[in-house]
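Notes for the one structure printed next.
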Amino acid sequence: MLGVDRDAIDIFNQVLHRDPNTPCALVGRALVNLNLAKVKAPLTDLNRLLALDSSNKGFYYDLEAQYFEKHAELTSALALRKQLAQKNVGNASAWFDLGNVYRRMNRYKDAVRSYKKASELDPANANYREHIAFAYLLLGKSEKQPQMKKDVFEKAAREIDEGFKLQFQSVSLHEDRVWLCLLNKECDSPTNALAALDEINRTMKLAPKEACAYSLRSDVYERLGRWDEAIDDANTAANLQPDESDAKRLSSLKKGKKAWVDFLAAIQTAISKDPRNPELFVAQAKALVSLGRPAEGLERYKQALRLLTPEKPGDRLLLRVKQGIALLEADPRVKNN
């Protein structure tokens, strides 16, 4: 495609050499340079077009906004997107594009308002609902107050449900629901992680070659201590859509698994030398849970509890042990074992 783009540029240059004010050639060259992510060149042609052809200002401003967005000049992009939305108040796409800039600037409340405006203008568009939900998820993740976080996630859930009514096959909506499962309560809750796993497996039936889905499932597997599966999915994601961040994640997963395996081996050696130390059994329980072996972790917590008998009121280690037992007894992986 690079050769085709360069050929097109040559043609537009020839036309503009004969008449530097030919609008169609200026637009064509700007579009190709925009696609090539050229710096300044598209802007030069678009500014000339704005001076030559005032009847198509909206179209040229949109292209200028795309240029600024591509080059992460978000303040300039925002000014243009605001102008376009205000001049085209009945245009859903204009409000949607404005919402995208707000979201990239981490202004999630403004993004929600813009996406909602787009959805009001085009209520049959499931993509707008998905973006409202996604902005709510980002807003909830950044929210510090638990009740506010809960309220925002509930709004996200409603938007996802409304989106599914419009388009149940939407991969993006299913991915939003995965994030909702992971973020709605404690991220390391096994119940939430298993719910997320079910949801993402449904998503992957709809889009078996979606790199993002494999990356998401890798994250879920890691939370469940299923390291080999997490590594396999991270590797698949990297192969489907090569990205530096995926390569780093794959390396991090391998190091993470090795660290827990080495830690568990060291703890087992320590226990063989000091078999009546409850702290060692607590550490062993944590390692086993982190390696996806919660039933064994529960047994180690119970062993630590036996070593802490008779109980001493206010003992912090005792409290940790009881909390660990309670969490694992409620863990569906243990219940279904």
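The values are calculated or read from the model by the stated rules, or taken from the named source; none is laboratory data. Fair warning: this is a prediction, and the values are worked out from it, not measured in the lab. Backbone-built Cβ (ideal geometry, glycine too); neighbour counts: all protein chains shown.
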Look through the stretch 47-61, keep the residues that are over 20 Å from Leu16 (Cα atoms) and surrounded by fewer than 17 Cβ atoms within 10 Å (Cβ to Cβ), and return whichever of them is modelled with the lowest pLDDT. Ser55
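Table: residues versus (1) at positive phi; (2) surrounded by 14 or more Cβ atoms within 10 Å (Cβ to Cβ); (3) of a type in the set (D, E, K, R).
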position	(1), (2), (3)
Phe12	no, yes, no
His17	no, no, no
Leu34	no, yes, no
Ala37	yes, no, no
Pro42	no, yes, no
Asp45	no, yes, yes
Gln66	no, yes, no
Counting only residues that are over 21 Å from Arg226 (Cβ atoms) and of a type in the set (Ser, Thr, Tyr), the stretch 252-273 contains a total of 2
Residue tally, condition within 18 Å of the chain's Cα centre (by Cα), in a helix (DSSP H, G or I) and among the acidic types (Asp, Glu), over the stretch 229-264: 3
Looking at the stretch 86-116 only, could you name the residues that are of a type in the set (D, E, K, R) and either modelled with pLDDT of 95 or more or surrounded by 20 or more Cβ atoms within 10 Å (Cβ to Cβ) (or both)? Asp97, Arg103, Arg104, Arg107, Lys109, Asp110, Arg113, Lys116
Return the pairs, sorted by first residue and then second, in which the second residue is part of a helix (DSSP H, G or I), the first residue lies in the stretch 194-206 and is in contact (Cβ under 8 Å) with a residue 60 or more places away in the chain, the beta carbons are less than 8 Å apart, and the residues are 6+ apart or on different chains. Leu194/Pro332; Leu194/Arg333
